[in-house]
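What follows is a single structure, written as structure tokens, with notes after it.
Rule-based calculations on the coordinates, nothing more; no lab input. Here the structure is a predicted model, which is why all the values come from computation and not from measurement. Here Cβ is always computed from backbone atoms with ideal geometry, including for glycine, and neighbour counts include all displayed protein chains.
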Amino acid sequence: MATDPLIQQQLANMRRDWDARAKENARYYVATGSENWTDEEFFASGEQAVREEILTDMTNICQGKDPRQMRVLEIGCGAGRLTRALSNLFGEVHAVDISAEMVEQARKAVADRPHAHVYQNSGCDLRVVPDLEFDFAFSAIVFQHIPSREIIESYVREVARLLRPGALFKFGIQGDTRMQAIADETWLGVGYSKEDAAAMARRCGFEPRYQHGAGTQYFYQWFFKNA
């Protein structure tokens, strides 16, 4: 995949467009509920998302482990809205984003948290992340913007490489199957059916245990790494 000219162009487009969005109004493009987020409001919205998506699902996420003893991975951290909230809960957080502009803001968001680490990555792999064993991986409203199934599947395989056996990767994808890949599109991502998503899980070394939101923009997956 790395040498495919189309994929390389898509990654370049993603990096260019997300850098531009970050320079224009990073917080709005991360969470479009407001064009003028204050620090307090922006990070409070991240806390609310963690309450809704993480704290309601701790049995699947922690599997009996103390969250303060868990190492977690976030894909597509943007300006650090969720990264900061995750760092309030988990013992170690590693987060990646394709945009250098977003990464700069995310690093500022967690500058007072030595257990939170942010990296700029290629947009399709996790080679910049230390080769450690992770207990949980999460991605929210990120893959919905990716125009390529190849790029998304590369991420899923990379998460499988880093997760411990049995650990959960919880993430959202575009569930509207009318959305087709467009090479120069970086806002509306390619759509998946329930069957498409489950097949991807199996190809990448996961058990697709649960799904929620099929047919919508927020189609969430619970992929558990095979033992």
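Give the number of residues within segment 181-211 that are within 21 Å of Thr32 (Cβ to Cβ) and in a strand (DSSP E or B).
So the answer is 1.
Specify which of the listed residues (Ala137, Ala214, Ala167) is in a loop (DSSP other than H, G, I, E, B) and over 22 Å from Ile7 (Cα atoms).
Working: Ala137 fails: in a loop (DSSP other than H, G, I, E, B); Ala167 fails: in a loop (DSSP other than H, G, I, E, B).
Exactly one residue qualifies, and that residue is Ala214.
Just to be sure I understand, how many residues within segment 99-128 are over 16 Å from Tyr29 (Cα atoms), in a loop (DSSP other than H, G, I, E, B) and in contact with a Gly (Cβ under 9 Å, 6 or more places away or on another chain)?
Looking only at that region, the number is 2.
Filter segment 22-56 for residues that are within 19 Å of Phe90 (Cβ to Cβ) and surrounded by 15 or more Cβ atoms within 10 Å (Cβ to Cβ) and give the result. Spell out the reasoning first.
Taking segment 22-56 as the starting set, the residues that turn out to be within 19 Å of Phe90 (Cβ to Cβ) are 43-56.
Correct list: Phe43, Ser45, Gly46, Glu47, Ala49, Val50, Glu53, Ile54.
A quick yes/no check of all residues on (1) of a type in the set (D, E, K, R); (2) under 25 Å from Leu55 (Cα atoms); (3) in contact (Cβ under 8 Å) with a residue 40 or more places away in the chain:
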| residue | (1), (2), (3) |
| --- | --- |
| Asp112 | yes, yes, no |
| His117 | no, yes, no |
| Ser122 | no, no, yes |
| Leu126 | no, no, yes |
| Asp131 | yes, no, no |
| Phe136 | no, yes, yes |
| Ile141 | no, yes, yes |
| Ile146 | no, no, yes |
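Being of a type outside the set (Gly, Ala, Ser) and more than 19 Å from Gln10 (Cα to Cα) is the filter here; which residues of segment 96-115 pass it?
Our first condition is that a residue be of a type outside the set (Gly, Ala, Ser); within segment 96-115, this holds for 96-98, 101-105, 107-108, 110, 112-115.
If the condition is that a residue be of a type outside the set (Gly, Ala, Ser) and more than 19 Å from Gln10 (Cα to Cα), then Val103, Glu104, Gln105, Arg107, Lys108, Val110, Asp112, Arg113, Pro114, His115 are the ones that fit.
Taking the condition of being free of Cβ contacts under 8 Å to residues at least 60 places away in the same chain, surrounded by 15 or more Cβ atoms within 10 Å (Cβ to Cβ) and assigned to a loop (DSSP other than H, G, I, E, B), how many residues in segment 62-77 meet it?
Number of matching residues: 1.
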